[in-house]
Ligand SMILES: [Mg+2]
């Protein structure tokens, strides 16, 4: 190749690469292609038009509906870290309006990254993001005609085992006999796993309302309550107990040790959430499995707990920790450490079924939380629309409908709406 032909070769090479991939328009073309739904999807040109929301339970339950230009909407729920977040919902609406809802993980990242300086690491920001992200999965499932678990890679199981939280609140000073009766009631309802709360701020045995040390009388009260429940249901029912992070490390070690004879499925949050090293010391001190996670956010929040082997079981709340995709990422992360995934769940049946799609999609799913309020408080049937029984013999049948398979019933929910906040306007 002489010098002139070499020059013309470079010229041609430059011209052809410019025509194939003009730098000025590369970003636009790429953007346009990923904003297009796959050709086989139905409908194929979805765009988000608005997000509307409602709150119940004094703002502690957020329900969102994400609307599109094609009469498909998605439902999502956020819990606990949601009071006062109406304007956060509207801010997220502005950020994803006009975008294709089928790019769920990308929209999740767009909102999260746009909020690095707004608190996107945890708390209310993540709880609201969770509700919106869940609604996007619901839209994607409906648009493509498949249940959400299918979008998450398919299912390991058709039905999801649940444990029933008895809501035998310690504030009512329940006796060991109350524990036994409650355990028997839940067992008769068909559940083979039961959870009790053990923390009691107003326990008359307490010496101090502000320190987190249980007195000998408190410890004995806890042991007597669990002993009565175990004796009532026998050895083949799983029992777990929750302390809601309201005790200190020595109390946690003492109660974990004293509950060892009762073969608990787990002891949950004996101390607050912030200190993984303190969890590790408790976990190593006892044969009682230690569980935490309902106050941890995003996969980042679980990294250190898992790296340290600080807990035996993780229990992210899938209506709070980041959403269904993030829930699956947390479960998969835990699976690397052979740690079971047992999600916390204090939502409506919408949140319960949304959680079920994640639980179905991961190998290390252990058990999901269920609440006795579904059976006792009519509100929980009025605020959603769904097919079939909610739960049977301790299992939820995974929905096979497109999307999540449970809808918000705005008319049924309206009378429970938290006052002073716009309701699906
Ligand atoms: Mg808990």
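Of 205, 236, 211, all but one fail to be more than 24 Å from residue 164 (Cα to Cα), more than 15 Å from the ligand (Cβ to nearest atom) and out of contact with any helix residue (DSSP H, G or I) (no Cβ under 7 Å at 6 or more places or on another chain); the exception is 211.
Quick check on region 377-387. Is at least one of its residues at pLDDT below 95, out of contact with any helix residue (DSSP H, G or I) (no Cβ under 8 Å at 6 or more places or on another chain) and not assigned by TED's automatic domain parsing to the domain that holds residue 56? Yes, because at least one residue in region 377-387 is at pLDDT below 95, out of contact with any helix residue (DSSP H, G or I) (no Cβ under 8 Å at 6 or more places or on another chain) and not assigned by TED's automatic domain parsing to the domain that holds residue 56. From the list 252, 281, the lone residue that is within 16 Å of the ligand (Cβ to nearest atom), on the phi < 0 side of the Ramachandran plot, touching a residue at least 12 places away in the same chain (Cβ under 8 Å) and in a helix (DSSP H, G or I) is 252.
With respect to the conditions (1) more than 22 Å from residue 80 (Cα to Cα); (2) more than 16 Å from the ligand (Cβ to nearest atom), residue 299 falls short on a single one, namely (1). Scanning region 138-155 for residues that are at pLDDT 95 or above and within 16 Å of residue 49 (Cα to Cα), which turns out nearest to the chain's Cα centre (by Cα)? Filtering first and then ranking leaves 138.
A quick yes/no check of all residues on (1) touching a helix residue (DSSP H, G or I) at 6+ places or on another chain (Cβ under 6 Å); (2) away from the ligand (no atom under 16 Å from the Cβ); (3) farther than 20 Å from residue 360 by Cβ; (4) touching a residue at least 12 places away in the same chain (Cβ under 8 Å):
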| residue | (1), (2), (3), (4) |
| --- | --- |
| 288 | yes, no, yes, yes |
| 291 | no, no, yes, yes |
| 303 | no, yes, yes, yes |
| 308 | yes, yes, yes, yes |
| 311 | yes, no, yes, yes |
| 318 | yes, no, no, yes |
| 321 | no, no, no, yes |
| 325 | yes, yes, no, yes |
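All conditions in (1) farther than 17 Å from residue 397 by Cα; (2) out of contact with any helix residue (DSSP H, G or I) (no Cβ under 8 Å at 6 or more places or on another chain) hold for residue 331, with the sole exception of (2).
Can you work out which of the residues in region 255-278 that are assigned to a helix (DSSP H, G or I) and within 16 Å of the ligand (Cβ to nearest atom) is farthest from the chain's Cα centre (by Cα)?
255
Being within 16 Å of the ligand (Cβ to nearest atom), modelled with pLDDT of 95 or more, in the same structural domain as residue 397 (by TED's automatic domain parsing) and in a strand (DSSP E or B) is a condition met by at least one residue of region 335-351.
The values are calculated or read from the model by the stated rules, or taken from the named source; none is laboratory data. Bear in mind the structure is a predicted one, so any value in this text is a computation, not a measurement. Virtual Cβ from ideal backbone geometry, glycine too; neighbours counted across all protein chains shown.
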